[in-house]
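Q: Sharing a structure below in structure tokens format, with a few things to ask.
Each value in this text was obtained by applying a stated rule to the coordinates, not by laboratory testing. Predicted model, so just to flag it, every value in this text is computed and none were measured. For neighbour counting, all protein chains shown are included, and Cβ atoms are generated from backbone atoms with ideal geometry for every residue, glycine included.
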Amino acid sequence: MFFALSLHILAAIVWVGGMFFAYVCLRPAAVTLLEPSLRLRLWIAVFRRFFLFVWLAVVLLPVTGMYMADRLYSDIASAPAAIVLMAGIGTLMILLYWHAFFAPYRRLRRCVALGDFKEGGRQLARIRRIIGVNTLLGALVVLMAVAGQIMN
């Protein structure tokens, strides 16, 4: 159980923390310092690395979450409502990530390869909105988990 919880927490830290860093720290600096073609190339390089870790997180989080729910409550359906809600929000976050990865990120890479930086900027803006939503959802899940521990 400790190993599953540790993996679960580390995966959440990497994913949510990475999104926060990208959205709040890296993006404003890149907008200020880099012209569009360099900025888009930077984002492709950043996403290439970050998305590898997110793929790991979207596997580890549901697997470890379901394992812990099964061990603690016999299954997710028997878990407290807060746990079920966290699982639902986590599923939504995964779906949003898959959309960002398979749609605008794919188009962003293609646009930059073709030198279409204007359309690439539009695709990056789509990814930014998805990351913004996922960052808020991730923060909500973390707060629910911590509040749940304090309240019990």
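Q: Give the residue that is nearest to A45 (Cα to Cα), with candidates limited to residues of segment 90-138 that are surrounded by fewer than 16 Cβ atoms within 10 Å (Cβ to Cβ) and among the β-branched types (V, I, T).
A: Among those residues, the one meeting the criterion is V133.
Q: Consider only pairs whose beta carbons are under 7 Å apart and that are at least six residues apart or on different chains; among these, list those whose first residue lies in segment 32-58 and is more than 14 Å from Y97 (Cα to Cα) and whose second residue is of a type outside the set (A, V, I, L, M, F, W, C).
A: Note: pairs meeting the criteria are P36/G121; L40/G120; L40/G121; I44/R109.
Q: Also, quick follow-up: When residues of segment 52-75 are filtered for being part of a helix (DSSP H, G or I) and surrounded by fewer than 16 Cβ atoms within 10 Å (Cβ to Cβ), how many remain?
A: Going through segment 52-75 one residue at a time, the tally reaches 11.
Q: Here is a further query. Which of the numbered conditions does G148 fail, given that it passes all the others? Conditions: (1) crowded, with 17+ Cβ neighbours inside 10 Å; (2) within 30 Å of F2 (Cα to Cα).
A: (1)
Q: Find the residue count for segment 1-29, including only residues that are of a type in the set (A, V, I, L, M, F, W, C) and over 30 Å from S74 (Cβ atoms). Walk me through it before giving the result.
A: Let us first name the residues in segment 1-29 that are of a type in the set (A, V, I, L, M, F, W, C), namely 1-5, 7, 9-16, 19-22, 24-26, 29.
Adding the requirement that they be over 30 Å from S74 (Cβ atoms) leaves 19-22, 24-26, 29.
Of the residues in segment 1-29, 8 are of a type in the set (A, V, I, L, M, F, W, C) and over 30 Å from S74 (Cβ atoms).
Q: I want to confirm something. Restricting to segment 14-43 and keeping residues that are aliphatic (A, V, I, L, M) and loosely packed, with under 13 Cβ neighbours inside 10 Å, which single residue is farthest from L114 (Cα to Cα)?
A: V24
Q: Could you list all residues from segment 1-24 that are more than 16 Å from the chain's Cα centre (by Cα) and of a type outside the set (S, T, Y)?
A: Across segment 1-24, the qualifying residues are M1, F2, F3, A4, L5.
Q: While we're looking at this one, here's another question. Just checking, which of M19, M66 is under 17 Å from L92 (Cα atoms), out of contact with any strand residue (DSSP E or B) (no Cβ under 8 Å at 6 or more places or on another chain) and touching a residue at least 60 places away in the same chain (Cβ under 8 Å)?
A: M19 is the lone residue from the list that is under 17 Å from L92 (Cα atoms), out of contact with any strand residue (DSSP E or B) (no Cβ under 8 Å at 6 or more places or on another chain) and touching a residue at least 60 places away in the same chain (Cβ under 8 Å).
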